[in-house]
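Okay, structure first, notes after.
The values are calculated or read from the model by the stated rules, or taken from the named source; none is laboratory data. Predicted model only: the values in this text are computed from it and were never measured. Note that we place each Cβ from the backbone using ideal geometry, even for glycine, and neighbour counts take in every protein chain shown. Quick note on the areas: whole protein, heavy atoms, side chains included, nothing else; ligands and nucleic acids left out. Shrake-Rupley method; radii C 1.70, N 1.55, O 1.52, S 1.80 Å.
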Amino acid sequence: MEHPYPTPHINASPEDFAPTVLMPGDPLRAKFIAEHFLEDARLVNNVRGVNGYTGFYEGTKVSVMASGMGMPSIGIYSYELFNFFGVKNIIRVGSAGALDPTVRVRDIVLGMGACTDSRYAEQFRLAGTFAPVCSYALLRTAADTAEEMGLRYHVGNLLSSDRFYGDEGNVPDGLKANAGWTKMGVLAIEMEAAALYMNAARAGKRALAICTVSDHLVTGEVTTAEERQNTFTEMMELALRTAGKLEE
Ligand code: HPA
């Protein structure tokens, strides 16, 4: 395919993006990251208000663009970034609800794998169940960096769900609805990682989901807006330092 850009969703060209793109779900978070953490940040996309910026973090060129919520949305943006804009690494920076009693609110979960209740994998017509996993290189770098920063973090399985509100009661009755995933040792529930990991696998690129725990589906614990902002800042520093250590 020749010059498949600008696309219907990203009005930019490949040189507008750095090799690594950080993806929060929320466009306002993307703006916040660009304004507070990046030097010389410039807006490279604003289609549908999905803010994308490219700037520098301690000398490393880095981009940040929102993914929107859910697998269809991150599926579109990650597909285009990987396949049309030459992006090599996507690090999702999001929130998740804890499913495991050993995980506390404000902890960080690095998604080594991403289980899912979605049918996203069916498009690949595999004769079995695909196991979406992150990039080991990104995971190792992020875990080493979290260690250096003294953060409380866990490495394990996420559940990427198609539903925030389900008929069986996701929130607030999340324990009952997700008891099976808890039994299988899944650490936290969110809504994007599995599609991101599948798109990375198919494109031969690298991805990692870093999540802060905003609420606890087992204990019912929640975080305040201020706590969420502070943990978000720690997670951003973790993601940006990780991006700074990656080989292009
Ligand atoms: N479900 C899905 N996504 C989430 C949740 C949840 O409970 N909490 C934070 N992101």
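Here are the numbers for the structure shown:
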{"quantity": "Beta bridges by DSSP in the chain, antiparallel share as percent, to the nearest 5", "calculated": "40"}
{"quantity": "Per-selection metrics, the range 128-231 (Cα): Rg and Dmax in Å", "calculated": "15.0, 44"}
{"quantity": "Pairwise label distance in nanometres, Phe130 with Asn11, each label 7 Å out on the Cα-Cβ vector", "calculated": "3.2"}
{"quantity": "Cα centre as origin, Lys/Arg/Asp/Glu Cβ charges: the range 1-96 dipole, Debye", "calculated": "240"}
{"quantity": "Interatomic Cα distance distribution for the range 177-221, bins of 10 angstrom, percent", "calculated": "23, 42, 28, 7"}
{"quantity": "D_trans [Stokes-Einstein, Kirkwood Rh over alpha-carbon pairs] for the range 63-187, 4 °C, 1.567 mPa s, µm² s⁻¹", "calculated": "80"}
{"quantity": "Cα-based convex hull, the chain, per residue volume (Å³, whole number)", "calculated": "124"}
{"quantity": "Relative packing of peptides 204-212, 90-98, 148-156 - highest average C-beta neighbours within 10 Å first", "calculated": "90-98, 204-212, 148-156"}
{"quantity": "Dimensionless Rg ratio for the range 102-157, taking C-alpha atoms and the 2.2 N^0.38 Å reference", "calculated": "1.41"}
{"quantity": "Value of relative contact order over the chain, rounded to a whole percent, pairs C-alpha under 8 Å and six or more apart", "calculated": "25"}
{"quantity": "Heavy atoms of Tyr136 accessible to a 1.4 Å probe, total area in Å² rounded to 10", "calculated": "150"}
{"quantity": "Angle between the chain longest axis and helix 27-37 axis [Cα atoms, degrees, rounded to 10]", "calculated": "70"}
{"quantity": "Highest-first arrangement of 188-195, 213-220, where packing means the average Cβ count within 10 Å", "calculated": "188-195, 213-220"}
{"quantity": "Angle between the chain longest axis and helix 71-83 axis [Cα atoms, degrees, rounded to 10]", "calculated": "30"}
